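The values are calculated or read from the model by the stated rules, or taken from the named source; none is laboratory data. Just so you know, these numbers come straight off a predicted model, no measurement behind them. Cβ sites come from the backbone with ideal geometry, for glycine too, and all protein chains shown count toward neighbours. Please note that ligands, DNA and RNA were not included when accessible areas were found on the heavy atoms of the full protein model with its side chains. Shrake-Rupley method; radii C 1.70, N 1.55, O 1.52, S 1.80 Å.
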Amino acid sequence: MTATLERPPAAAPPRPEPVRWRGIAWTLPPLLLVLGFAAHPMARVLTESLDSETGSGLDNWSGVLGSELFRTALWRTVQIAALSTVGCLILGTFLALVLAFVPFTGSKVVGRLIDAVLSLPSFLITLAFTFLYGTAGAVNALIARITGDTDGPLNFLGTPLGVIAAEITFFTPFVVRPLLAAFTQIPREQLDVAASLGASPLRVLRTVVMPEAWPALLAGGSLVLLLTLNEFGIVLFTGAKDVVTLPVLIYTRGIVTFDLPGAAVIATIQVALSLTLYCTYRFVFAKLTGGSRAAVDDKI
């Protein structure tokens, strides 16, 4: 009896290690783009803020920070951004609930119109407000014709209230869209079961709908806060001379009075404020929602 010896299977050849330079080659172009289009301009702004023909570059900072106009503009910017964000959250939540859960004829058309606002420049909303609610607008003309008064009662566009109303109108879709995406993820069975157990619509909204949608609400509100904090076109086109925000002050210092170091100081503060808010949002959102944040971002 002869025994046959089987050869052991030949070992597979070792797989070549990936070449590291390929990863570097793929990483380098976007890194250069970020450095060229983001980091370098911000570094230039910071350098310009320290440029002073006489004395230390910190004189520019002390002069701006000690200015009453700067402190007023900073407070006005935060005030308008906060109130506009609150208004967008209230109006956006109401519109999203109606579009998602209240069937009516033309709901799809309303949704498309809300989406269309996202593609428009902000100054068009301001022009529309001027034509409608300005001192010589259509609404004032109609009221004057009815009452017989020569002047209409509406004269708010040149005030902070007019700026806030225009920003709420323009930025509300940024809250509606993520909320609608979140509402579509709620199983219809949950709503039916809650209703069959005798829960009122308000209780269903409080206990079933909003707990699922609040991460999207937080994301939309944070985005609106960042956008309104840096809004320039709406404030400029309303013609509100007494409403001075940080973007308007940067424009005035840099373009009107040619105070480039002073404008660079305010621009640096504006960038730092925006980055701080963004980093705070990312940190808080990640802590509160855990792994669900990425899913919400995908919905948006």
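Computed over the stretch 105-220, the alpha-carbon pair-distance distribution with 10 angstrom bins reads 12, 26, 27, 19, 13, 3, each value a whole percent.
Of all the options T245, T228, T27, the one that moves most in a Gaussian network model of the chain with Cα springs shorter than 10 angstrom is T27.
Rounded, prolate or oblate, given the Cα gyration tensor of the stretch 178-233, with a/c below 1.5 counting as rounded?
Because a/c hits 1.5 or more and a/b exceeds b/c, the stretch 178-233 counts as prolate.
With a ≥ b ≥ c taken as the square roots of the eigenvalues of the C-alpha gyration tensor of the stretch 75-142, please select rounded if a/c is under 1.5 and otherwise prolate if a/b is larger than b/c or oblate if it is not? It comes out oblate by the Cα gyration axes. Give the shape of the stretch 141-300 as rounded, prolate or oblate, defined through the alpha-carbon gyration tensor: a ≥ b ≥ c are the square roots of its eigenvalues, a/c under 1.5 means rounded, and otherwise the shape is prolate if a/b is larger than b/c and oblate if not. It comes out oblate by the Cα gyration axes. Only helical DSSP H runs with n ≥ 4 go in: add -39500 (n - 2.57) per run for the chain, normalise by residue count and round the 222 nm mean residue ellipticity to 500 deg cm²/dmol. About -21500 deg cm²/dmol.
Starting from the eigenvalues of the Cα gyration tensor, five times each then square-rooted, give me the equivalent ellipsoid semi-axes of the stretch 15-170, largest first, whole Å. Display every interim value, and only then the final one.
Working: eigenvalues 392, 205, 38 Å².
The three semi-axes for the stretch 15-170 are 44, 32, 14 Å.
The tail of the calculated P(r) for the stretch 104-157, taken as Cα-Cα distances beyond 16 Å, holds 56 percent of the pairs.
Put simply, the Cα atoms of the stretch 86-125 extend 33, 24, 10 Å along their principal axes, the longest span coming first.
With contacts taken as Cα pairs under 8 Å at a separation of at least 6 residues, the chain carries a relative contact order of 27 percent.
Rolling a 1.4 angstrom probe over the protein heavy atoms with all chains in place gives the chain an accessible area of 63 Å² per residue.
GNM remark for the chain: springs join alpha carbons under 10 Å apart, and the peak mean-square fluctuation among L127, L89, L157 falls on L127. Give me the percent relative contact order of the stretch 148-288, please, defined on Cα pairs under 8 angstrom at least 6 residues apart. That works out to 28 percent. For E189 and R112, the FRET efficiency from 1/(1 + (r/R0)^6), where r spans their Cβ atoms and R0 equals 22 Å, is about 0.15. Between the Cα long axis of helix 210-229 and the first principal axis of the chain there is an angle of about 60°, rounded to the nearest 10.
Provide the convex hull volume over Cα atoms per residue for the chain, in Å³.
On the way: hull volume 83.7 nm³, N = 300.
Expressed per residue, the convex hull around the Cα atoms of the chain is 279 Å³.
Could you pull out the longest piece of the chain with no exposed loop chymotrypsin sites (Phe, Trp or Tyr not before Pro) in it, calling a site exposed if DSSP puts it outside H, G, I, E, B and it has at most 11 other Cβ atoms within 10 Å? Provide the component values of the computation, followed by the final result.
Numbers: sites that count: F104, F258.
For chymotrypsin sites (Phe, Trp or Tyr not before Pro) (loop position, at most 11 other Cβ atoms within 10 Å), the longest site-free span of the chain is 105-257.
The fraction of accessible area contributed by carbon and sulfur in the chain is 68 percent, rounded to a whole number (1.4 Å probe; ligands and nucleic acids excluded).
Name the residue, out of G137, G92, G220, whose mean-square fluctuation peaks in a Gaussian network model built on the chain with Cα pairs under 10 Å. Of G137, G92, G220, the most mobile in the Gaussian network model is G137.
Once the gyration tensor of the Cα atoms in the stretch 22-87 is diagonalised, the equivalent ellipsoid follows with semi-axes of 34, 24, 6 Å, ordered largest first.
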